[in-house]
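Accompanying notes for the structure given below.
Each value in this text was obtained by applying a stated rule to the coordinates, not by laboratory testing. Quantities reported herein were computed from a predicted structural model and do not represent experimental measurements. Cβ atoms come from the backbone with ideal geometry, glycine included; neighbour counts cover every protein chain shown.
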Amino acid sequence: MERHGLRAYLIGFVLAVVLSVIPFWLVASHALPPQRTLLIIGIAAVLQVLVHLRFFLHLNFTTTPKENMLALVFAAILILIMMGGSFWIMFDLHARMAV
């Protein structure tokens, strides 16, 4: 493996570890209120996805072919629909069961 490739993998690995450790530390230490902790976990998750796309899957938004970008956007839309539906179901069940 060439040096530039190894450097990119190491940067991606370090970023992925940092973006994983921060939420775990916040939850374990109760350093912030629960709402802020959830917000930081969400932000870290989005950044984690971007780090994996850039450093490990080598997706670059300027040089990636159009078909790959369309597949990526389609997958993102499907994930958002599944997450939105899951939250909708959970909140509806919570409202129905909380008396």
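Tabulated results
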{"quantity": "Cα-based equivalent ellipsoid of the stretch 1-58: semi-axis lengths in Å, sorted from largest, via gyration tensor", "calculated": "28, 11, 5"}
{"quantity": "Nearest-ten-degree value, helix 66-97 long axis tilted from longest Cα axis of the chain", "calculated": "20"}
{"quantity": "Taking all pairs of distinct alpha-carbon atoms in the chain, Kirkwood radius in angstrom", "calculated": "16.3"}
{"quantity": "In nm, spacing of pseudo-spin labels at F24 and Q48 (7 Å Cα→C-beta vector)", "calculated": "1.0"}
{"quantity": "T63 versus H94: modelled label distance in nm, points set 7 Å from Cα along the beta carbon direction", "calculated": "4.5"}
{"quantity": "Using a Förster distance of 25 Å, the FRET efficiency for V14-L38 (Cβ separation, nearest 0.05)", "calculated": "0.50"}
{"quantity": "Mean residue ellipticity (222 nm) of the chain, computed from DSSP H runs ≥ 4 via -39,500 (n - 2.57), nearest 500", "calculated": "-27500 deg cm²/dmol"}
{"quantity": "Degrees, to the nearest 10: 34-51 long Cα axis against longest axis of the chain", "calculated": "30"}
